[in-house]
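Below: the structure, in structure tokens.
The values are calculated or read from the model by the stated rules, or taken from the named source; none is laboratory data. Fair warning: this is a prediction, and the values are worked out from it, not measured in the lab. In this analysis, Cβ positions are derived from the backbone assuming ideal geometry, glycine residues included, and neighbour counts consider all displayed protein chains.
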Ligand SMILES: O=c1ccn([C@@H]2O[C@H](COP(=O)(O)OP(=O)(O)O[C@H]3O[C@H](CO)[C@@H](O)[C@H](O)[C@H]3O)[C@@H](O)[C@H]2O)c(=O)[nH]1
């Protein structure tokens with residue numbers, strides 16, 4: 001186990017809070033933002049951040065304007081579960097399975113080492129919701145267990161109701177009931193069986209994710225507190241339901257607004273300069289987060305739609321996916337569009353030139369669009385994305401899902417016209433401006449709900 005340490009500056013930390021990250025996709029980064037924000041608010045507390053070397057190396061290196069220099073955060077790297085010389089067999093989620101198998105033991109060992117090295121017993125354990133076994137670790141250590149759910153409250157609510165959904169819909173033949181609306185869960189409306197995350201009732205119920213989330217949903221009520229990256233005004237009824245089911249549930253987001261996350265200027269800032277030259281609301285931002293992989297056909301169809309449409313575009317596209325674009329695509333679209341492997345998405349969305357986003361409905365992107373008041377066009381791929389898409393389209397009415405669930409040239413063009421020039425688009429904009437304002441109010445001092453909730457979180461994790 002590699003261990004990199006940043007020791008606390010004051011040497012008098014009373015409490016010692018352990019954070020346990022899920023080291024895949026966009027899970028560890030928001031947890032680190034929260035850790036840094038807590039650490040800045042509690043300088044005498046020690047915060048140990050347990051995560052794999054690969055994940056921590058990428059997120060700790062991204063220092064951000066206005067954040068602390070991590071003086072009371074201790075970076076504790078744990079084993080990723082891949083045995084030396086292991087040859088990957090190419091199974092889906094093989095790396096996640098290896099990690100999850102080794103994680104309970106690896107985390108326990110890492111905590112023991114950290115306690116011995118610092119001379120401070122861990123006084124509270126904060127884990128990503130996926131790491132449900134940390135509840136057991138906290139119980140053994142007789143310390144509070146606090147859980148961070150990185151997605152929205154609706155997906156959490158679905159996962160804690162998985163047994164009820166399976167019982168009421170029936171697993172056998174559930175596929176034939178795809179259009180059935182979930183009317184039996186209080187506070188849920190306009191959500192169909194087909195919108196539920198894979199592994200709840202449709203898809204592979206034996207997958208690592210399905211089992212992990214099912215297990216999580218069953219034990220989460222044992223946590224002392226569950227908090228999420230959302231804001232309670234978004235859906236007060238679901239917030240109340242979660243509180244009654246879980247005992248104590250709060251929202252502290254949008255995290256990017258709460259922590260005043262400002263992405264540092266880097267080479268990709270050329271895109272911000274380019275945006276400065278564009279007319280207000282004239283650009284489509286396109287980005288699919290950190291894990292999804294559209295097919296070559298879909299990348300080509302989307303590329304053609306953007307090229308032929310009236311809008312300019314800024315496309316965050318990883319190099320391996322960029323290779324799918326036809327030869328000469330980037331050159332011939334110079335001036336009309338930019339294609340970059342990574343952009344400062346929060347800043348891009350906040351730019352006045354961006355009028356619409358084309359995303360995969362990953363929760364962080366949905367919330368960032370909401371906070372920046374940018375309507376969405378979406379193509380969900382996995383996990384919570386279908387659910388988020390249905391919420392965006394049918395519940396909050398702040399965007400639209402692409403027809404047929406895949407990118408086609410005509411489908412994307414139609415969506416762009418609808419959002420940027422149609423009456424529906426005006427409605428989306430009006431609705432998202434309203435929600436964006438609520439999101440901003442939630443983090444406004446002194447009484448914004450997420451700020452108040454953050455104080456509760458701080459009190460619970462630092463209490464001895
Ligand atoms: O060029 C880019 C592309 C992405 N981002 C950031 O990366 C994050 C992407 O997060 P998200 O939209 O949630 O996508 P994923 O990385 O795919 O997130 C995974 O984790 C989320 C939270 O649990 C789930 O909602 C998603 O379904 C799951 O795929 C956001 O904060 C973006 O601002 C950038 O800063 N620049």
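Here are a few things to note about the model shown:
- Residue identified as within 28 Å of residue 460 (Cα to Cα) and outside any helix (DSSP H, G or I) among 107, 130: 130
- Taken together, the residues in the stretch 385-414 that are out of contact with any strand residue (DSSP E or B) (no Cβ under 6 Å at 6 or more places or on another chain) and either within 14 Å of the ligand (Cβ to nearest atom) or over 22 Å from residue 181 (Cβ atoms) (or both) amount to 15.
- Any chance residue 321 is part of a loop (DSSP other than H, G, I, E, B), closer than 23 Å to residue 402 by Cα, modelled with pLDDT of 95 or more and more than 11 Å from the ligand (Cβ to nearest atom): no
- Count - residues of the stretch 363-384 that are near the ligand (Cβ under 9 Å from one of its atoms) and part of a helix (DSSP H, G or I): 6
- Selection status of residue 343, assigned to a loop (DSSP other than H, G, I, E, B), touching a residue at least 60 places away in the same chain (Cβ under 8 Å), within 9 Å of the ligand (Cβ to nearest atom) and touching a helix residue (DSSP H, G or I) at 6+ places or on another chain (Cβ under 7 Å): yes
- Selection status of residue 353, surrounded by fewer than 24 Cβ atoms within 10 Å (Cβ to Cβ), closer than 30 Å to residue 181 by Cα, more than 16 Å from the ligand (Cβ to nearest atom) and not assigned by TED's automatic domain parsing to the domain that holds residue 208: no
- Enumeration of residues in the stretch 390-415 that are surrounded by 24 or more Cβ atoms within 10 Å (Cβ to Cβ) and part of a helix (DSSP H, G or I): 391, 392, 412, 415
- Taken over the stretch 310-326, residues that are within 18 Å of residue 416 (Cα to Cα) and surrounded by 20 or more Cβ atoms within 10 Å (Cβ to Cβ) amount to 6.
- Residue in the stretch 327-336 that is assigned to a loop (DSSP other than H, G, I, E, B), surrounded by 13 or more Cβ atoms within 10 Å (Cβ to Cβ) and within 13 Å of the ligand (Cβ to nearest atom) present: no
- In the stretch 15-28, the residues that are touching a residue at least 24 places away in the same chain (Cβ under 8 Å) reach residues that are assigned to a loop (DSSP other than H, G, I, E, B) and within 10 Å of the ligand (Cβ to nearest atom) with C-beta atoms within less than 6 angstrom, at least six apart or across chains, in these pairs: 22/130; 25/290; 25/291; 26/290; 27/150.
- Here the condition is being in contact with a helix residue (DSSP H, G or I) (Cβ under 8 Å, 6 or more places away or on another chain), in a helix (DSSP H, G or I) and farther than 29 Å from residue 310 by Cβ; of 451, 418, it holds for 451 alone.
- Among the residues of the stretch 346-362, those identified as in contact with a helix residue (DSSP H, G or I) (Cβ under 7 Å, 6 or more places away or on another chain) and assigned to a loop (DSSP other than H, G, I, E, B) are 351, 353, 360, 361, 362.
- The helices (runs of 4 or more DSSP H) falling completely within the stretch 143-243 that include 2 or more residues that are more than 19 Å from residue 363 (Cα to Cα) and without any contact (Cβ under 8 Å) to a residue 24 or more places away in the chain map to 162-169.
- Residue that is nearest to residue 452 (Cα to Cα) [pool: residues in the stretch 39-54 that are within 20 Å of the chain's Cα centre (by Cα) and surrounded by 22 or more Cβ atoms within 10 Å (Cβ to Cβ)]: 49
- Condition check for residue 444: closer than 27 Å to residue 338 by Cβ, over 18 Å from the mean Cα position of the chain (by Cα), in a loop (DSSP other than H, G, I, E, B) and more than 16 Å from the ligand (Cβ to nearest atom): no
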